[in-house]
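Asker: Here it is, the structure, as structure tokens.
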Amino acid sequence: MEGMNPSEGTHPPEPAAEAELPAVAPQLRALRRRAALTLEAAARAAGLSPAHLSRLETGRRQPSLPMLLALARIYGTTVSELLGETVAERDAVLRADDMEPTRAGGWTYRQAGAPGRGMQALRVHVPYGSQGDIVRVHPGEEWLYVLKGRLRLRLGDTAHLLAPGDSAHFDSLTPHRIAAADQDGADLLFVHTLLQSPTAALCLGPITPGDAP
């Protein structure tokens, strides 16, 4: 037909992709609030601007997979939960082969428990000289058990040197610092109260670019 732009009516089915956004957007907002994070704090932790995160939460932008992975880690959940998917039953057993490592700020984390519960259990490798000067303060409780190497733990004004087999259980509102004491680093089991504490503050240190525990 004369006068018709040849490109009209030939666009890819973008509306179908847009239709998915309302289901994702409320989950992003609800899980951020469950983690007790402001829009600004969550955006900084994910490396986004508050305006960008706001557009994701209102369905005006489609989150990419890297964004979903970052937000899931910050909110202490899974990409599946961010997408609104539900799991009928959690497996009580986590096999060693399924513990995929995640690295942040030089530290290496492996899940040692089911995500989304009231506590999160991790196996952590703390390298020597990484983030030992970062002081953390946040709601909740922490428990750690040294598996290998020696760990320097500072609680308030008191310094402790923990050897394999030693453990510590403390209120996370106490200012604390964790560092490996030996060149080979330290391995530990680490449990924290996930739903009481923003995961970004707990596992990744201050929520500013480049910092983590």
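The values are calculated or read from the model by the stated rules, or taken from the named source; none is laboratory data. What you are looking at is a predicted structure, and each value in this text was computed from that prediction instead of being measured. Quick reminder, even Gly has a Cβ in these numbers, built from the backbone with ideal geometry, and neighbours come from all protein chains shown.
Condition check ((1) assigned to a loop (DSSP other than H, G, I, E, B); (2) in contact with a helix residue (DSSP H, G or I) (Cβ under 6 Å, 6 or more places away or on another chain)) across all residues:
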site	(1), (2)
TYR128	yes, no
GLY132	yes, no
PRO139	yes, yes
TRP143	no, no
LEU147	no, no
ARG152	no, no
GLY165	yes, no
PHE170	no, no
ILE178	no, no
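Asker: Can you tell me which residue in segment 156-185 is farthest from TYR128 (Cα to Cα), limited to those that are crowded, with 16+ Cβ neighbours inside 10 Å and over 21 Å from the mean Cα position of the chain (by Cα)? Reasoning before the result, please.
Answerer: Let us first name the residues in segment 156-185 that are crowded, with 16+ Cβ neighbours inside 10 Å, namely 162, 168, 172, 176-181, 185.
Narrowing further to those that are over 21 Å from the mean Cα position of the chain (by Cα): 162, 168, 180-181, 185.
Working: LEU162: 14, ALA168: 20, ALA180: 5, ALA181: 7, GLY185: 5 Å.
Step by step, filter segment 156-185, then rank; the result is ALA168.
Asker: Also, I was wondering about something else. Checking LEU122 against (1) aliphatic (A, V, I, L, M); (2) in contact with a Gly (Cβ under 7 Å, 6 or more places away or on another chain); (3) at pLDDT 80 or above, which test does it fail?
Answerer: (2) is the only condition that LEU122 fails.
Asker: Can you go through ALA42, ALA36 and tell me which one is within 25 Å of ARG177 (Cβ to Cβ), touching a Lys or Arg at 6+ places or on another chain (Cβ under 6 Å), modelled with pLDDT of 80 or more and not in a strand (DSSP E or B)?
Answerer: ALA42
Asker: So how many residues does segment 48-102 have that are β-branched (Val, Ile, Thr), at pLDDT 75 or above and more than 16 Å from the chain's Cα centre (by Cα)?
Answerer: 2
Asker: So is GLY116 assigned by TED's automatic domain parsing to the domain that holds ASP184, over 22 Å from LEU31 (Cβ atoms), modelled with pLDDT under 80 and in contact with a Ser or Thr (Cβ under 7 Å, 6 or more places away or on another chain) or not?
Answerer: Considered against the rule, which asks whether it is assigned by TED's automatic domain parsing to the domain that holds ASP184, over 22 Å from LEU31 (Cβ atoms), modelled with pLDDT under 80 and in contact with a Ser or Thr (Cβ under 7 Å, 6 or more places away or on another chain), GLY116 comes out as no.
Asker: Checking ALA92 against (1) among the hydrophobic types (A, V, I, L, M, F, W, C); (2) touching a residue at least 12 places away in the same chain (Cβ under 8 Å); (3) in contact with a Leu (Cβ under 8 Å, 6 or more places away or on another chain): exactly one of these is not met. Which one?
Answerer: (3)
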